[in-house]
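Participant: First the structure, which I've put down as structure tokens, then a few questions once you've had a look.
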Amino acid sequence: MADHAIALPNPSQVLAGPIGSLDAYLERVSHLPVLSREQEVELARRYRREDDLDAARDLVLSHLRFVVHIARGYSGYGLPMGDLVQEGNVGLMKAVKRFDPTLGVRLVSFAVHWIRAEIHEYVLRNWRLVRVATTKAQRKLFFNLRRMKKNLTWLSEEETQAVARDLGVEPREVREMEQRLSARDLSFDPTIDSDDEDGSYSPAAYLPAPDADPAIAVERDEWDSTSTASLGVALRELDARSRRIIETRWLAEDKLTLHDLAAEFGVSAERVRQIETNALKKLRAAIGER
């Protein structure tokens, strides 16, 4: 077969531009030349027989616009277009790796299934925080129900039955999937600048605190009150020096050191520590008795 000249740009030229510039990427891929059947077969044979990565690159580049076209069909799910295109490109590369030019099928016809498969997986992983489709029938229902609904209102019972027959599922599954598609995600624990509505209806607002039991709360309050009262009585039973040491070492906001108190009472710091230890023992005993 005659050698066909294929003038495709280097990948760096396609991706050149500001990081995250999706518009620039879409503009560049739209100008990439489309391969003829002969060129496509030649490149595919070079890749399969010689493991020519440049040939595989040219096959991928020439079909990037096709990935963008497919990805646009999934824009209604609220996911970033750049991510959809990226996942579709992964599917395209898998298709190029498995493409057999001897079957007489164009790469675009073979690749569409791989591209959609990767995008489908991405949508199912990210469209909702909870997975909405786990079986093959549920996945089919997920991707077809939105297109089969004629308007934005809920399906009637007759329409539900018709959708179930067309997709080979139970009417109950159609109703459940419709409810999931109509729902919206809520932040579990919204930030302080979130709307009041989101905060009022977030899941975190309805979870009880670990200490929300009224009996436990009352018991804790009574214990705190009793302990505080008992401590006050026990402190008053100490001698003036011991009480001064405990108050300035444990209860005051600006606490004194052992050396500060030693200088105040004219004793050693070790003696202050002994008095403090004895006073603490008396307090624990007095509170325990009460």
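The values are calculated or read from the model by the stated rules, or taken from the named source; none is laboratory data. These numbers were taken from a predicted model, which means no experiment stands behind them. When we count neighbours, we look across all protein chains shown, and the Cβ atoms used for this are built from the backbone with ideal geometry, even at glycine.
Participant: Given Leu107, Leu124, which one is over 22 Å from Ser21 (Cα atoms) and under 30 Å from the mean Cα position of the chain (by Cα)?
Facilitator: Working: Leu107 fails: under 30 Å from the mean Cα position of the chain (by Cα).
One residue alone meets the criteria, Leu124.
Residue-by-condition table, conditions (1) at pLDDT 90 or above; (2) surrounded by 19 or more Cβ atoms within 10 Å (Cβ to Cβ); (3) out of contact with any strand residue (DSSP E or B) (no Cβ under 6 Å at 6 or more places or on another chain):
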site: Leu32; (1), (2), (3): no, no, yes
site: Arg37; (1), (2), (3): yes, no, yes
site: His63; (1), (2), (3): yes, yes, yes
site: Phe66; (1), (2), (3): yes, no, yes
site: Gly73; (1), (2), (3): no, no, yes
site: Pro80; (1), (2), (3): no, no, yes
site: Lys94; (1), (2), (3): yes, no, yes
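Participant: Pull up region 263-289, narrow it to residues that are of a type in the set (Asp, Glu) and surrounded by 13 or more Cβ atoms within 10 Å (Cβ to Cβ), then point me to the one that is farthest from Leu235 (Cα to Cα). Let's see the steps before the verdict.
Facilitator: The first filter runs over region 263-289 and keeps only residues of a type in the set (Asp, Glu), leaving 264, 270, 276, 289.
Filter once more, so that each one left must be surrounded by 13 or more Cβ atoms within 10 Å (Cβ to Cβ): 264, 276.
Working: Glu264: 20, Glu276: 12 Å.
Per the criteria, the residue is Glu264.
Participant: Just a yes or no: is a residue in region 146-156 surrounded by fewer than 17 Cβ atoms within 10 Å (Cβ to Cβ) and either at pLDDT 90 or above or touching a Phe, Trp or Tyr at 6+ places or on another chain (Cβ under 9 Å) (or both)?
Facilitator: Step one: list which residues in region 146-156 are surrounded by fewer than 17 Cβ atoms within 10 Å (Cβ to Cβ), which gives 146-154, 156.
Then drop every residue that is not either at pLDDT 90 or above or touching a Phe, Trp or Tyr at 6+ places or on another chain (Cβ under 9 Å) (or both), which leaves 146.
Scanning region 146-156 turns up at least one residue that is surrounded by fewer than 17 Cβ atoms within 10 Å (Cβ to Cβ) and either at pLDDT 90 or above or touching a Phe, Trp or Tyr at 6+ places or on another chain (Cβ under 9 Å) (or both).
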